[in-house]
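The values are calculated or read from the model by the stated rules, or taken from the named source; none is laboratory data. Worth saying up front: this structure is predicted, and the values here are computed from it rather than measured. As a convention, Cβ positions derive from the backbone with ideal geometry for all residues, glycine included, and neighbour counts pool all protein chains shown. Calculation scope for accessible area: heavy atoms of the full protein, side chains included, ligands and nucleic acids excluded. Shrake-Rupley method; radii C 1.70, N 1.55, O 1.52, S 1.80 Å.
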Amino acid sequence: TASFSALSDMNFVDAPEVAVSDAFDGGNGELVKTEFNGGQATVNIRIRPDIYTELEKKHHFQHFFFRSSVKGGEGRSVKYAIVNAGEASYAKAWKDSTTFVSTKPSDPQSWTRIVDTQYDASTGHLTWTHKHKASGVYFAYFPPYSYERHLAIISRCEASKDCTVESLGKTLDGREIECITLGSGPSNCWVIHRQHPGENMSEFYAEGLLTRLLGLDSGGSVDGMVSKIRKMYTFYIVPSMNPDGAARGHLRTNACGANLNREWAPTGEKGSDDYYEAPSLERSPEVYHVLKKMDETGVDAFLDVHGDEALPFNFLAGSEGCTNWGPRLKALHGAFLASYERANSDMQRKISYEPDEPNHALTNICSNQIALRFDCFSATLEQPFKDCLTNPDPTKGWNPARASMLGKSVIDALAYIHPYLRDESEFWTALPSEDKYVRPTNKYN
């Protein structure tokens, strides 16, 4: 929707006129009102919630992406306030968050962070100021990855002689669920991205991974590690699990309000009032079709790529709570992360979610279900919305370029653990000490 407002106090004849719009791919941000006090213009914005989630009994929201046009305000600092930030899904995560700004939204490198962004828990407002040099400017929680860009990377893959692109099925809104298959190795590696549509960094990660594996930026030429790993694995890569939610400007859900990362298995007792069937063609066809294909191919290694609102780190959430967690999976997790950290210091091992207690994993969460279903290395990879504290950069912070680089770097870690994926010996006794599993914590201050 588009909204227009003259400033509410019309005694100020020089008050600029503000127009706010989110009527574009991935847009979310509605104008509530514009105020003018003591020479300061304040534009109040409301984030539009996702569709109601039946399983979780709530409306998720946190993602925002909108355009603001200020007529007569060139050269003037305007304050913006997200007035329902305190009601967001992860309100505490606003602390230390910084809003992105750009005048060229389709250019990922054009986005920079507004370092004076502040969250006031007492009012529930997220605020920042911006000096308008151009009439129109875009603000976002994280730079957008548009459906147009998604189709462009799919087209580039289709033009490559080294992969095949197939549709595994369609979403509720009729979009294709594309899977890129490449490599000729005996081990099957699946990497899926963007189950939660507002986590745009996950598809930038996918773009980096595909670019390196296929040499998309080098005329099809690939480095030596890629040549080796394409003989180790057959890759199945889904760049976007939730294109409907992405286009609609949702944070976590698809077109009907399903949180796809809670749709990988039924919950509750069958026949009981709280029984929830999943996945289903009616509610979560994205998961249904991908899981069906996984059952056909088998899975030896798996990553589900996300973004996390709260923790200012890249990290891995493992399958510690699964009933099959033991020395083998523990060693694979430790060796993978240690190798990843060596390949790219933006990854680290010490900070993550607190691991599930033994035998208490939620099996409707994707990486847990895959770990159990295929008895394989399986993890959720999270990237920060905030600055990345392992290598801080306040102005750029964690951004699309670095997400893409992290996607390229994962190839080294996957190659490192390949010999051990289905090794039935006690291989962990021979691994170097630096590959040892580190039990993480969410405490970092």
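The table below lists the values:
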read-out	value
Pair list, Cβ < 9 Å and 6+ apart or interchain, from segment 223-234 residues that are within 13 Å of C189 (Cβ to Cβ) to residues that are of a type in the set (F, W, Y)	I229/F235
Residue match in segment 369-384 (condition: in a helix (DSSP H, G or I) and out of contact with any helix residue (DSSP H, G or I) (no Cβ under 9 Å at 6 or more places or on another chain))	yes
Residue among H193, H150 that is under 30 Å from F385 (Cβ atoms) and either touching a strand residue (DSSP E or B) at 6+ places or on another chain (Cβ under 8 Å) or hydroxyl-bearing (S, T, Y) (or both)	H193
Candidate set: segment 418-441, residues that are assigned to a loop (DSSP other than H, G, I, E, B) and among the hydrophobic types (A, V, I, L, M, F, W, C); chosen: the one most open to solvent (accessible area, probe 1.4 Å)	V438
Selected residue (only one of V101, V83 is farther than 30 Å from C256 by Cβ and either modelled with pLDDT of 95 or more or within 18 Å of the chain's Cα centre (by Cα) (or both))	V101
Hits in segment 379-408 - residues which are more than 22 Å from S106 (Cβ to Cβ), of a type in the set (S, T, N, Q) and crowded, with 23+ Cβ neighbours inside 10 Å	T380
Restricting segment 279-290 to residues that are open to solvent by less than 20 Å² (accessible area, probe 1.4 Å) and in contact with a Phe, Trp or Tyr (Cβ under 7 Å, 6 or more places away or on another chain), the residue that is farthest from S202 (Cα to Cα)	S280
Filtered residue count, segment 253-262, keeping only those that are in contact with a Lys or Arg (Cβ under 7 Å, 6 or more places away or on another chain) and either at pLDDT below 95 or under 15 Å from L362 (Cβ atoms) (or both)	1
Boolean, K57 is farther than 19 Å from A310 by Cα, of a type in the set (K, R) and touching a Ser or Thr at 6+ places or on another chain (Cβ under 8 Å)	no
Elements of type strands (runs of 3 or more DSSP E) in segment 93-183, at least 1 residues being open to solvent by 30 Å² or more (accessible area, probe 1.4 Å) and not aromatic (F, W, Y)	112-114, 118-120, 125-131, 163-170, 176-182
Qualifying residue in segment 217-226 (condition: under 28 Å from F66 (Cβ atoms) and not acidic (D, E))	no
Single condition G321 does not satisfy, out of (1) open to solvent by less than 30 Å² (accessible area, probe 1.4 Å); (2) in contact with a Pro (Cβ under 8 Å, 6 or more places away or on another chain); (3) part of a helix (DSSP H, G or I)	(3)
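Yes/no matrix, rows are residues, columns are (1) in a loop (DSSP other than H, G, I, E, B); (2) over 15 Å from N364 (Cβ atoms):
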{"position": "F235", "(1), (2)": "no, yes"}
{"position": "L251", "(1), (2)": "yes, yes"}
{"position": "G271", "(1), (2)": "yes, yes"}
{"position": "P279", "(1), (2)": "yes, no"}
{"position": "E282", "(1), (2)": "yes, yes"}
{"position": "E286", "(1), (2)": "no, no"}
